[in-house]
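Enquirer: Quick one: the structure is below, and I'll ask about it shortly.
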Number of protein chains: 2
Amino acid sequence: MARRGRVELRRIEDRTSRQVRFSKRRAGLFKKAFELAVLCDAEVSLLVFSPAGRLYEYASSRCMPLADPRTLFCLPAPSTYSLLLCNFAQ
Amino acid sequence: MARRGRVELRRIEDRTSRQVRFSKRRAGLFKKAFELAVLCDAEVSLLVFSPAGRLYEYASSRCMPLADPRTLFCLPAPSTYSLLLCNFAQ
DNA sequence: CACTATGAATAAGA
DNA sequence: TCTTATTCATAGTG
């Protein structure tokens, strides 16, 4: 009725199990990220792509990068945004 | 000799405690991020700024898309990314 | 999606 | 740092 032993650190082959584990662990990871930001006054940015390509994201403030399907990054200022993209491109 | 109760979810006022907690939880968070990537075949990007402004980062691959999967905007190198983020965060 | 036994993380203390 | 008492996360199940 619970886990039988230590968790093996390798890709889960079963597709269904992998998706379920992904949902659960993703939730746990985002919770931890949030807690770190709050408890320790840190800035945190977390981006996760599911195997299916769906994006999940968290940022502790507007000064951390967020991915947006349309704009690539959500930045405080458009000018900064352009500059950042230019730098990245080279 | 161990925790005395439930952890309160708010900023830790004591500077020393906050730094110790930050180190421990940061390590835990990065481990979880790594595990999610390996176990569930996901792409993960994690950025953390300490209160002192120091950056810690993880990406499940050097080509972790930080944006639209269609554009597949890849990072040239972690160092470049760090530099850009520092500029942008201030 | 809820439950629960068990492994893991971690807050304090040393 | 290292240890240990506890809380917390979560794998397997219903």
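Enquirer: With charges set only on the Cβ (+1 for Lys and Arg, -1 for Asp and Glu), what does the dipole of the range A:15-59 come to about its Cα centre, in debye to the nearest 20?
Expert: Working: 9 positive and 4 negative charges, 113 e Å.
It comes to approximately 540 debye.
Enquirer: Hey, got the average number of other protein chain Cβ atoms within 10 angstrom for residues in B:47-53?
Expert: On the way: counts 9, 11, 10, 4, 4, 1, 1.
Across B:47-53, the average partner-chain Cβ count within 10 Å equals 6.
Enquirer: Right, another one. Counting only other chains, what is the mean number of Cβ atoms within 10 angstrom of the Cβ of each residue in peptide B:28-36?
Expert: Mean shielding count: 5.
Enquirer: Measuring from a point 7 Å out along Cα→Cβ, what nm distances, shortest first, does A:S17 have to its partners in the other copies?
Expert: Relative to the other copies, A:S17 has label-point distances of 4.1 nm.
Enquirer: Something else now. Sorted by mean Cβ packing within 10 Å, highest first, what order do the peptides A:52-58, A:31-37, B:43-49, B:5-11 take? Walk me through the intermediate numbers first.
Expert: On the way: A:52-58: 14.1, A:31-37: 18.9, B:43-49: 23.9, B:5-11: 8.3.
Most protected by this proxy first, the peptides run B:43-49, A:31-37, A:52-58, B:5-11.
Enquirer: Something else now. In nm, one decimal, shortest first: how far is the label point of B:G28 (7 Å from Cα along Cα to beta carbon) from the matching points in the other copies?
Expert: 1.1
Enquirer: Evaluate Rg over Rh across the range A:15-59, taking Cα atoms for both radii and Kirkwood's formula for Rh. Numbers along the way, then the final one.
Expert: On the way: Rg = 11.9 Å, Rh = 11.3 Å.
Over the Cα atoms of the range A:15-59, Rg/Rh equals 1.05.
Enquirer: What is the average number of partner chain Cβ atoms found within 10 Å of a Cβ in A:1-9?
Expert: Details: counts 0, 0, 0, 0, 0, 0, 2, 1, 4.
What the average comes to for A:1-9 is 1.
Laboratory data are not the source of any read-out in this text; all were calculated from the coordinates shown. Source: prediction; values computed, not measured. Here the Cβ is made from the backbone with ideal geometry for all residues, glycine too, and neighbour counts use every protein chain on show.
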